[in-house]
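Bear in mind these aren't lab numbers, they're just calculated from the coordinates by the rules spelled out. This structure is a prediction, so every number in the text was calculated from the model and none was measured. Cβ placement follows ideal geometry from the backbone for every residue including glycine, while neighbour counts extend to all protein chains displayed.
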Amino acid sequence: MKAIQFKKFGSPEVLEYIELPTPAIANDELLIQVEAAGINPVDMKIRSGISAMAKKLALPSGLGFDLVGKVVKIGKDINEYKVGDSVVGKIEYEKPGAYAEYCVVKSKDIIIKPHELGVATAAALPIVGLTAWQVLHQYGNLQRGERVLIHAAAGGVGHLAVQIAKKMGAEVFATATQKNHQFLSDLGADHCIDYSQAPFEQVIHDIDLVVDLVGGETGLRSFKVLKKNGRMVTVPSPTRDEIIQQAQPLGIKVSGMLAAMNQNDFTQLLKMISAGDLKIQIAKTFPLKDAVLAHQMLETNRTQGKIVLVM
Ligand SMILES: NC(=O)c1ccc[n+]([C@@H]2O[C@H](COP(=O)([O-])OP(=O)(O)OC[C@H]3O[C@@H](n4cnc5c(N)ncnc54)[C@H](OP(=O)(O)O)[C@@H]3O)[C@@H](O)[C@H]2O)c1
């Protein structure tokens, strides 16, 4: 099979398009013929070596967690799928490898793809959809009528979080550059703030929940926009611990999170997409062989929505 691998950590150019043996499966696994794979910033952080996940990885390694494809082989212990089923899911963080023509999955990490969903749309969803859902419901505990600030609202996670927060009855504040404001208003954002023109903390205040999808300086400056007893979830892991540490002596409630496959959450997301209640924006699709170009685009940090590899 054709697959993307990297032998050393580094810039997008370390990604190689190579021939590999099709992987074998264990009794509790399935083999998927991958039709599309979603690209996420975590892939970039693993490829470059800055993610804690990268430190546990043996090289050479594959890349990618989000996938859509057809079941082609089924382990003896699995009863709930049949050959030919179309599935969508997120493979385990320990074993990246969705950027490939075939990939091994566990049944707990996939779900049947609704037939009306296109492969690129479905492949774009797992990590960003689960993150947006879990940050608002589970970690942020957003309540109807609350004021929520979503940073990087035009990105993969952000544009879904805006729509889900609106459906939950919140007043949504969204940071993005001007070019993305119409896009975000159309998705339901009540207030769009161009963070590049003035410090956002000068114009936003009394926020109940900050969804920090930028981290670092942006996360630290967000303390100032919270109302008394407000809370924040800082999502990017490289700066999470520092932000939590700095919040503690100030008595500000900040937590981190790691998006996890949860079939109930994922079913809700798929239902919303099928019903037209949640829209996922595809910035661009690339063929598998152009993973380097896809990563170069992701590194601009200007993507509106998602980048997807289509096999
Ligand atoms: N812990 C977890 O489980 C988890 C899960 C998913 C994602 N994440 C992390 O969360 C972050 C967001 O992920 P993503 O997939 O949504 O990223 P993304 O799609 O690559 O985000 C791109 C967007 O970021 C916006 N942006 C860049 N700098 C900004 C700033 N200073 N303020 C406001 N917006 C800014 C850009 O909008 P403009 O062009 O308008 O600036 C662009 O639309 C990443 O760090 C990712 O690794 C963590």
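Miscellaneous remarks
- The modelled label-to-label distance for the pair Lys271/Ser185, using points 7 Å beyond Cα in the direction of Cβ, is 3.3 nm.
- Note on the chain: GNM, Cα springs under 10 Å; of Gln182, Gln263, Gln281, the largest mean-square fluctuation is that of Gln182.
- The sum of -39500 (n - 2.57) across all DSSP H runs of n ≥ 4, divided by the residue count of the chain, sets its helix-only mean residue ellipticity at 222 nm to -7000 deg cm²/dmol.
- Kirkwood hydrodynamic radius of region 128-255, from the reciprocal of the average inverse Cα-Cα distance over all distinct pairs: 14.1 Å.
- With the cut-off at under 16 Å, measuring from each backbone N in region 206-222 to a point 7 Å along the Cα-to-Cβ line of Asn301 picks out 212-222.
- Here the Gaussian network model covers the chain, with springs between Cα atoms less than 10 Å apart; of Leu67, Leu117, Leu184, Leu117 fluctuates the most.
- Trypsin sites (Lys or Arg not before Pro) restricted to region 66-141 and DSSP loop, no more than 10 other C-beta within 10 Å: Lys76, Lys82
- The residue list Gly188, Leu125, Thr234 was ranked by how far each Cα lies along the charge dipole of the chain toward its positive end, using unit charges on Cβ atoms, and Thr234 comes out on top.
- The long axis of helix 263-274 is offset from the longest Cα principal axis of the chain by roughly 80 degrees.
- Across all directions, the average projected area of the convex hull around the alpha carbons of region 1-107 is 6.3 nm².
- Annotation for region 277-311 versus region 158-235: alpha-carbon center distance of 23 Å.
- Under-5 Å amide H pairs with Glu35, H placed in peptide plane, nonlocal only: Val68, Gly69, Lys70
- Cross-link reach list, lysines versus Lys279, counting only Cα pairs under 24 Å and skipping chain neighbours closer than eight places: Lys70, Lys90, Lys113, Lys166, Lys167, Lys179, Lys271, Lys306
- Rh by Kirkwood over Cα pairs, then Stokes-Einstein D for the chain at 1.567 mPa s and 4 °C, µm²/s: 65 µm²/s
- Gaussian network model of the chain, springs between alpha carbon atoms under 10 Å - residue of Gly188, Gly158, Gly145 with greatest fluctuation: Gly145
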